[in-house]
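My questions all concern the structure below.
The values are calculated or read from the model by the stated rules, or taken from the named source; none is laboratory data. All values reported here derive from a predicted model rather than from experimental measurement. Cβ sites come from the backbone with ideal geometry, for glycine too, and all protein chains shown count toward neighbours. Heads up: the accessible areas ignore ligands, DNA and RNA and are worked out on the full protein's heavy atoms, side chains in. Shrake-Rupley method; radii C 1.70, N 1.55, O 1.52, S 1.80 Å.
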Amino acid sequence: MTNTPAPKTPKIRLKDVHKSFGDKRILQGFSLDVMPQESVVIIGGSGTGKSVMLKCILGLLEPESGEIDIDGVRLSTLSRGEREQVNAKIGMLFQNAALFDSLPVWENVAFGLIQGKKMRRGPAKEIAIEKLAQVGLTADVGALSPAELSGGMRKRVGLARAIAGDPDIIFFDEPTTGLDPIMGHVIDELIVKCVKQVGATAITITHDMASARRIADRMAMLYQGKVIWHGPVTNIDNSGNAYVEQFITGSAEGPIKMELRKL
Amino acid sequence: MNPVRALGAGFLKFLAANGRLTVFALNGVSHCVRPPFYPRMILRQLIDIGYYSLPVVALTTLFAGMVLALQSYTGFSRFSAEGAIPSVVALSMTRELSPVLAGLMIAGRIGASMAAELGTMRVTEQVDALETLSTNPIKYLIVPRLLAGVTMLPFLVLIGDILGIFGGYVVSVYKLGFNEQTYLINTWNFIESQDVISGLVKAAVFGFLVALMGCYHGFNSRGGAQGVGAATTNAVVSASILILIANYMITEIFFAQ
Ligand SMILES: Nc1ncnc2c1ncn2[C@@H]1O[C@H](COP(=O)(O)OP(=O)(O)OP(=O)(O)O)[C@@H](O)[C@H]1O
Ligand SMILES: [Mg+2]
């Protein structure tokens, strides 16, 4: 682990975050710094707490201890109103898309613009259609209700909603799960574009190693509630960490033991 | 566990649940007077509660008024007190039957749908998504429902009053042979504004209780389809019980000499 002293304040800093549900301990001292305009990919086994970590940053879950800073501001010290202002800078793609099923697709995408930024419905709709086009959906999809979409389409609508407000910080929870390989590629390029051209800071959770290599500047691996390895994506193949090696090769043999019971 | 401890634990749980409900209610009410407001959401709820509940409430109160006239006649005719029927119908409808029946029907219709809708939104993370889109879910989801409950139920009850009295009138005139004019004059002379007002106050309180229970149980539901189902049941049952309790207390306040 090489960690040259950073000159800038990190965009997002998590320090020693602990979170448990009942006596089930999920995050046990999670620490991670994400620099401005950096794209970090988090990898780690299913159920290790990756989504929980994002929800802690968003304030949807409250960690028991630890510090979370955005732009150097300690989130736990903020009032509800200030917290909302911080959240306004963040776009989030939920793992299950979490679309509002009482609203048509375009209104889902435009939601943050209309309700959060108080934009008029007409212009907001135009932006929504444009964002839908960026994720490969035509304008007539905009008129459908979320229940009429396929799983992969829902995911892409969720993605369009996450980037609609041109946020400063974007969290993608498994953006390419459930997409065909070509569309997966398109979405990867969109994420890279958000970071490189628009200048956003991104945290992406993915299980798709090919996609991770395309998106990431840096990768971090979560295991047993902690970041056990992080480093530039170019180092991923010679990380020297047995856990990471097992994870990226997807081998059943190695230090990570799946908790399975013999039938 | 020994019984005393179990009792104590149960009592503490009860207190905690009450505390949570009270905090939720105060939070909801305080957001009712603080912008931003969401007129579209409020309008949607007003229509849903006020307009779409009209048939249910109308039928219930109409038949309640009719059966009331019929039954009172059976009883009163034994000691030649048929003349009291118009006033009995008017008083019972405005003071008790219309608010309570409408309240219970709305608890079933609206309380359940609120709990199911909000519960589904909760377990599919739509409530979380609202937060990330700089929208306070209390303001966006809860406030419109509370406002619509409080304002629309009195409206429904007023219509229920009229239809209930009309039902009594129809049965009395066309079945029991009352004189049309005497019936109407009797009704009009006997009814006091306090009767109607107490009914409308009850309606507003019941509307609040139904919306509060639907929102509270839905908003706090956990654990998938089963959790949403439980929230729906709890919303309807608790709203119905609270309506009956509140009904007694408001009657006591208005009419106890
Ligand atoms: N609201 C909750 N209540 C109780 N336990 C929870 C809750 N949310 C998550 N968990 C638990 O926390 C653990 C981590 O969940 P999380 O969703 O973060 O996993 P993940 O790393 O995102 O997995 P995946 O890759 O499968 O999405 C799981 O064991 C889950 O059971
Ligand atoms: Mg997850």
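If we scan the range A:179-202, do we find a residue that is basic (Lys, Arg), in contact with a helix residue (DSSP H, G or I) (Cβ under 6 Å, 6 or more places away or on another chain) and surrounded by 13 or more Cβ atoms within 10 Å (Cβ to Cβ)? Let's see the steps before the verdict.
Of all residues in the range A:179-202, those basic (Lys, Arg) come to A:193, A:196.
Retained after the next criterion (residues that are in contact with a helix residue (DSSP H, G or I) (Cβ under 6 Å, 6 or more places away or on another chain)): none.
Scanning the range A:179-202 turns up no residue that is basic (Lys, Arg), in contact with a helix residue (DSSP H, G or I) (Cβ under 6 Å, 6 or more places away or on another chain) and surrounded by 13 or more Cβ atoms within 10 Å (Cβ to Cβ).
Report yes if some residue within the range B:213-233 is within 12 Å of B:Gly103 (Cβ to Cβ), at pLDDT 95 or above and within 16 Å of the chain's Cα centre (by Cα); otherwise report no. Step through it out loud before you land on a result.
In the first step, residues of the range B:213-233 are kept if they are within 12 Å of B:Gly103 (Cβ to Cβ); the result is B:213.
Remaining after also requiring at pLDDT 95 or above: B:213.
So of that shortlist, the ones also within 16 Å of the chain's Cα centre (by Cα) come out as B:213.
Yes, the range B:213-233 contains at least one residue that is within 12 Å of B:Gly103 (Cβ to Cβ), at pLDDT 95 or above and within 16 Å of the chain's Cα centre (by Cα).
How about the range A:84-113: which of its residues are within 9 Å of chain B (Cβ to nearest Cβ) and either free of Cβ contacts under 8 Å to residues at least 40 places away in the same chain or open to solvent by 60 Å² or more (accessible area, probe 1.4 Å) (or both)?
Correct list: A:Glu84, A:Gln85, A:Asn87, A:Gln95, A:Asn96, A:Asp101, A:Ser102.
Just the residues that are under 16 Å from the mean Cα position of the chain (by Cα) and either of a type in the set (Phe, Trp, Tyr) or outside any loop (DSSP other than H, G, I, E, B) (or both), please, taken from the range A:170-193.
A:Ile170, A:Phe171, A:Phe172, A:Asp173, A:Gly184, A:Ile187, A:Asp188, A:Glu189, A:Leu190, A:Ile191, A:Val192, A:Lys193
Right, something else. Take A:Gly72 and tell me if it is open to solvent by less than 10 Å² (accessible area, probe 1.4 Å) and either closer than 18 Å to A:Ala200 by Cβ or facing chain B (nearest Cβ under 8 Å) (or both).
Numbers: open to solvent by less than 10 Å² (accessible area, probe 1.4 Å): no; either closer than 18 Å to A:Ala200 by Cβ or facing chain B (nearest Cβ under 8 Å) (or both): yes.
So A:Gly72 does not fit the description; no.
Being among the polar types (S, T, N, Q), over 30 Å from A:Lys125 (Cβ atoms) and away from ligand 2 (no atom under 16 Å from the Cβ) narrows it down to one of A:Ser46, A:Ser76, A:Ser51, so name that one.
Numbers: A:Ser46 fails: away from ligand 2 (no atom under 16 Å from the Cβ); A:Ser51 fails: away from ligand 2 (no atom under 16 Å from the Cβ).
When all the criteria are applied, what remains is A:Ser76.
In the list A:Glu126, A:Glu148, A:Glu84, A:Glu174, which residue meets the criterion of being among the acidic types (Asp, Glu) and touching a strand residue (DSSP E or B) at 6+ places or on another chain (Cβ under 8 Å)?
Numbers: A:Glu126 fails: touching a strand residue (DSSP E or B) at 6+ places or on another chain (Cβ under 8 Å); A:Glu148 fails: touching a strand residue (DSSP E or B) at 6+ places or on another chain (Cβ under 8 Å); A:Glu84 fails: touching a strand residue (DSSP E or B) at 6+ places or on another chain (Cβ under 8 Å).
Only one candidate qualifies: A:Glu174.
Taking the range A:37-65, which residues are small (Gly, Ala, Ser), within 16 Å of ligand 1 (Cβ to nearest atom) and open to solvent by less than 40 Å² (accessible area, probe 1.4 Å)?
Step one: of the range A:37-65, the residues small (Gly, Ala, Ser) are A:39, A:44-47, A:49, A:51, A:59, A:65.
Subsequent filtering for residues that are within 16 Å of ligand 1 (Cβ to nearest atom) retains A:44-47, A:49, A:51, A:59.
Correct list: A:Gly44, A:Gly45, A:Gly49, A:Ser51.
Could I ask something else about it? Does A:Leu222 meet the test of being in contact with a Leu (Cβ under 6 Å, 6 or more places away or on another chain) and within 16 Å of ligand 2 (Cβ to nearest atom)?
Values: in contact with a Leu (Cβ under 6 Å, 6 or more places away or on another chain): no; within 16 Å of ligand 2 (Cβ to nearest atom): yes.
The answer is no for A:Leu222.
Here is a follow-up. Considering A:Glu253, A:Glu245, which residue is more than 16 Å from ligand 1 (Cβ to nearest atom), open to solvent by 20 Å² or more (accessible area, probe 1.4 Å) and in contact with a helix residue (DSSP H, G or I) (Cβ under 8 Å, 6 or more places away or on another chain)? Full working, then the answer.
Working: A:Glu245 fails: in contact with a helix residue (DSSP H, G or I) (Cβ under 8 Å, 6 or more places away or on another chain).
On inspection, the qualifying residue turns out to be A:Glu253.
Another question about this same structure. Condition first: open to solvent by less than 30 Å² (accessible area, probe 1.4 Å), within 16 Å of ligand 1 (Cβ to nearest atom) and either out of contact with any Ser or Thr (no Cβ under 6 Å at 6 or more places or on another chain) or of a type outside the set (D, E, K, R) (or both). Now tell me which residues in the range A:127-173 satisfy that.
Correct list: A:Lys155, A:Gly158, A:Phe171, A:Phe172.
Which residues, counting only those in the range A:199-213, are of a type in the set (A, V, I, L, M) and free of Cβ contacts under 8 Å to residues at least 24 places away in the same chain?
Residues of the range A:199-213 of a type in the set (A, V, I, L, M): A:200, A:202-203, A:205, A:209-210, A:212.
Matches in the range A:199-213: A:Ala210 only.
Right, another one. For the range A:48-62, which residues satisfy the criterion of being assigned to a loop (DSSP other than H, G, I, E, B) and either within 12 Å of chain B (Cβ to nearest Cβ) or modelled with pLDDT of 95 or more (or both)? Steps first, answer last, please.
Taking the range A:48-62 first, the residues assigned to a loop (DSSP other than H, G, I, E, B) are A:48-49, A:59-62.
Hits for the range A:48-62 are A:Gly59, A:Leu60, A:Leu61.
Next question, about the same structure. Any residue in the range B:109-122 that is away from chain A (no Cβ under 14 Å) and not in a helix (DSSP H, G or I)? So that I can check it myself, show each step before the final result.
Kept after step one, since they are away from chain A (no Cβ under 14 Å), are these residues of the range B:109-122: B:109-112, B:115.
After this cut, where a residue has to be not in a helix (DSSP H, G or I) as well, the list is none.
No: zero hits.
Yes/no per residue for (1) open to solvent by 30 Å² or more (accessible area, probe 1.4 Å); (2) polar (S, T, N, Q):
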{"position": "A:Thr206", "(1), (2)": "no, yes"}
{"position": "A:Gln224", "(1), (2)": "yes, yes"}
{"position": "A:Gly231", "(1), (2)": "no, no"}
{"position": "A:Asp237", "(1), (2)": "yes, no"}
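Also, quick follow-up: Please go through the range B:123-142 and give me each residue that is free of Cβ contacts under 8 Å to residues at least 40 places away in the same chain and in a helix (DSSP H, G or I), ordered by number.
Residues of the range B:123-142 that are free of Cβ contacts under 8 Å to residues at least 40 places away in the same chain, as a first pass: B:124-126, B:128-135.
Scanning the range B:123-142 gives B:Gln126, B:Asp128, B:Ala129, B:Leu130, B:Glu131, B:Thr132.
Let me ask you something else. Has the range A:220-233 got any residue that is part of a loop (DSSP other than H, G, I, E, B), farther than 19 Å from A:Ala133 by Cβ and in contact with a Phe, Trp or Tyr (Cβ under 9 Å, 6 or more places away or on another chain)? Working first, answer last.
Step one: list which residues in the range A:220-233 are part of a loop (DSSP other than H, G, I, E, B), which gives A:224-225.
Filter once more, keeping what is farther than 19 Å from A:Ala133 by Cβ: A:224-225.
Applying the additional criterion that residues be in contact with a Phe, Trp or Tyr (Cβ under 9 Å, 6 or more places away or on another chain) yields A:225.
Looking for residues that are part of a loop (DSSP other than H, G, I, E, B), farther than 19 Å from A:Ala133 by Cβ and in contact with a Phe, Trp or Tyr (Cβ under 9 Å, 6 or more places away or on another chain), one finds at least one in the range A:220-233, hence yes.
Looking at this structure, is B:Arg40 basic (Lys, Arg), surrounded by 10 or more Cβ atoms within 10 Å (Cβ to Cβ), in a helix (DSSP H, G or I) and free of Cβ contacts under 8 Å to residues at least 60 places away in the same chain?
Numbers: basic (Lys, Arg): yes; surrounded by 10 or more Cβ atoms within 10 Å (Cβ to Cβ): yes; in a helix (DSSP H, G or I): yes; free of Cβ contacts under 8 Å to residues at least 60 places away in the same chain: yes.
In short, yes.
Each row is one residue, and each column tells you yes or no for (1) without any contact (Cβ under 8 Å) to a residue 12 or more places away in the chain; (2) within 20 Å of B:Thr60 (Cβ to Cβ); (3) crowded, with 22+ Cβ neighbours inside 10 Å.
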position: B:Ile162; (1), (2), (3): yes, yes, no
position: B:Ser172; (1), (2), (3): no, yes, yes
position: B:Asn179; (1), (2), (3): yes, no, no
position: B:Ile191; (1), (2), (3): no, no, no
position: B:Ser198; (1), (2), (3): no, yes, no
position: B:Gly214; (1), (2), (3): no, yes, yes
position: B:Gly218; (1), (2), (3): no, no, yes
position: B:Ser221; (1), (2), (3): no, no, yes
position: B:Thr232; (1), (2), (3): no, no, yes
